[in-house]
Amino acid sequence: MGLLLLVLVFAAACRGGVEALPVQAGDLEEQPVVVLDVGHGGNDPGKVGVDGSLEKDVNLEIAMRVKTYLEQSDIKVVMTREEDKGLYSEKDSRKKMADMKRRCELIEEVGPELVVSIHQNSYHEEYVSGGQVFYYKDSAKGKALAEILQKRFDYVLGENNRRLAKANGNYYLLLHVKCPIVIVECGFLSNRREAALLQQGEYQDRLAWTIHMGIIEYLNKR
């Protein structure tokens, strides 16, 4: 009962009022498996923020919080990494490609219901901000998942959430992963205000809760 009360209080804080929660994943017939792909790592920092923050670190902080929430909802979570380490070996001459291939292999081995890849964005103009979710252009399930997650950014960004889920046919993971997969760009490290927020534990937690709730909503609509 204590956990349920905490969930309701957090939901109210994020939404500005109490909202009925969707059926929890534990009520489904089988325990679903979700892969959280944590972008970059090791010698690949990803985007570098205007304040010097590294995407790989922010990705991991948010993903670990998503993992905690999903496991509390009786979902089995597999992470592509849980430390600052790339999925390549030192002997690999093309470490980035080796890393991407290994991520795809791991996902195929697990055979999850879905994959959420956590990233941060960047742009050459600092005013640009907000979260955006990408899906493979020919995947109806990926689109459905992306639209749910994109809508749930309302709870974090409010009226500033004006972006839409976006189709893509070029990103490596979207092209090579067969199950529903989305890339969640949580914010822009090139925007000074957003970069600062993305390093705050409370804001990371709000993002993680939002992503977790979107995953639950999608799974319950299967």
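The numbers here are math on the coordinates, done by the rules we state, and not lab data. All of these numbers come straight from a predicted model, not from anything done at the bench. Every residue, glycine among them, receives a Cβ derived from its backbone with ideal geometry; neighbour counts consider all protein chains shown.
So here's what we get for this one:
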item: Coarse-grained scattering of the chain at q = 0.13 Å⁻¹, given as base-10 log I(q)/I(0) from a Debye sum over alpha-carbon atoms; result: -0.72
item: Solvent-free Debye scattering, log10 I(q)/I(0), computed from the Cα coordinates of the range 173-222 at q = 0.25, 0.31 Å⁻¹; result: -0.96, -1.10
item: Signed unit charges on C-beta, dipole axis of the chain, positive-most listed residue Tyr127, Ala195, Gly39; result: Tyr127
item: Cleavage-rule hits, chymotrypsin sites (Phe, Trp or Tyr not before Pro), the range 89-141, DSSP coil, Cβ neighbours within 10 Å at most 14; result: Tyr123, Tyr127
item: Global geometry of the range 119-222, whether rounded, prolate or oblate, following the gyration tensor of its Cα atoms and the 1.5 cut on a/c; result: oblate
item: Mean Cα-pair separation over length for the range 25-220, i.e. relative contact order, pairs under 8 Å, 6 or more apart, %; result: 28 percent
item: Potential lengthening between Val128 and Gln199 on full extension [0.36 nm per residue; Cα-Cα distance subtracted]; result: 23.8 nm
item: Proxy reagent accessibility, fewest Cβ within 10 Å first, across Thr68, Thr210; result: Thr68, Thr210
item: Charge sum, other residues only, whose C-beta stays under 13 Å from Gly142's C-beta, Lys/Arg counted +1 and Asp/Glu -1; result: +2
item: Nearest-0.05 FRET efficiency for Val50 and Lys178, computed from C-beta distance (R0 41 Å); result: 0.65
item: Debye, to nearest 20: dipole size of the chain, +1 on Lys, Arg Cβ, -1 on Asp, Glu Cβ; result: 580 debye
item: Förster-model FRET efficiency, 30 Å R0, Ser93 and Thr68, C-beta, rounded to 0.05; result: 0.25
item: Fluctuation leader among Leu87, Leu70, Leu60 - the chain, Gaussian network, Cα springs under 10 angstrom; result: Leu87
item: Most mobile of Asp138, Asp99, Asp57 in a GNM of the chain (Cα contacts under 10 Å); result: Asp138
item: Over the chain: helical MRE at 222 nm, DSSP H runs n ≥ 4 each giving -39500 (n - 2.57), nearest 500; result: -13500 deg cm²/dmol
item: Added length on full extension, which subtracts the Cα-Cα distance from 0.36 nm per residue, Arg163 to Ala140; result: 6.4 nm
item: Per-peptide average of other Cβ atoms within 10 Å, ordering 105-114, 178-187, 39-48 highest first; result: 178-187, 39-48, 105-114
